[in-house]
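The next block holds one structure in the form of structure tokens; read it before the comments.
Where a number appears in this text, it was derived from the coordinates with a stated rule and is not lab data. No experiment lies behind these values; they were computed from the predicted model shown. In this analysis, Cβ positions are derived from the backbone assuming ideal geometry, glycine residues included, and neighbour counts consider all displayed protein chains.
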Amino acid sequence: MCAGGSWLGNGPNIELEAKFQGVKGLFTGESLFYLEACGSGPLLVNAFGQIEVLDVTDKYVIDSGHVVAFVNLHEVTKSMQGPIRIP
């Protein structure tokens, strides 16, 4: 999954599909959609600053406005405060 505003490009063997993240995106100032990328090959993303790769083995709370991309292997929930929680 890639934040909609982070996607720059991809290789020919990657298929993209827009995934609606909910109406709450209107109120948070974030994109309404994530891009689901399936396949193999390069996926180019953009970020303001350094991109850090995190290996989540337990719970991890982040501000969803700072998410560039993530592997959708975990249950992702949104709290009432705003950040995405990865249990």
Note to self: If I model a spin label at Asp58 and Asn46 as a point 7 Å from the Cα along the Cα→Cβ vector, what separation in nanometres do I get?
What the structure shows: 3.7 nm
Notebook entry, point to check: Counting only residues 5 or more places away or on other chains, whose amide H sits under 5 Å from the amide H of Val45 once H atoms are built in the peptide plane?
Noted result: Leu8
Checklist line | Long-range HN-HN contacts of Ile62 with modeled amide H, under 5 Å | finding: Ile84, Ile86
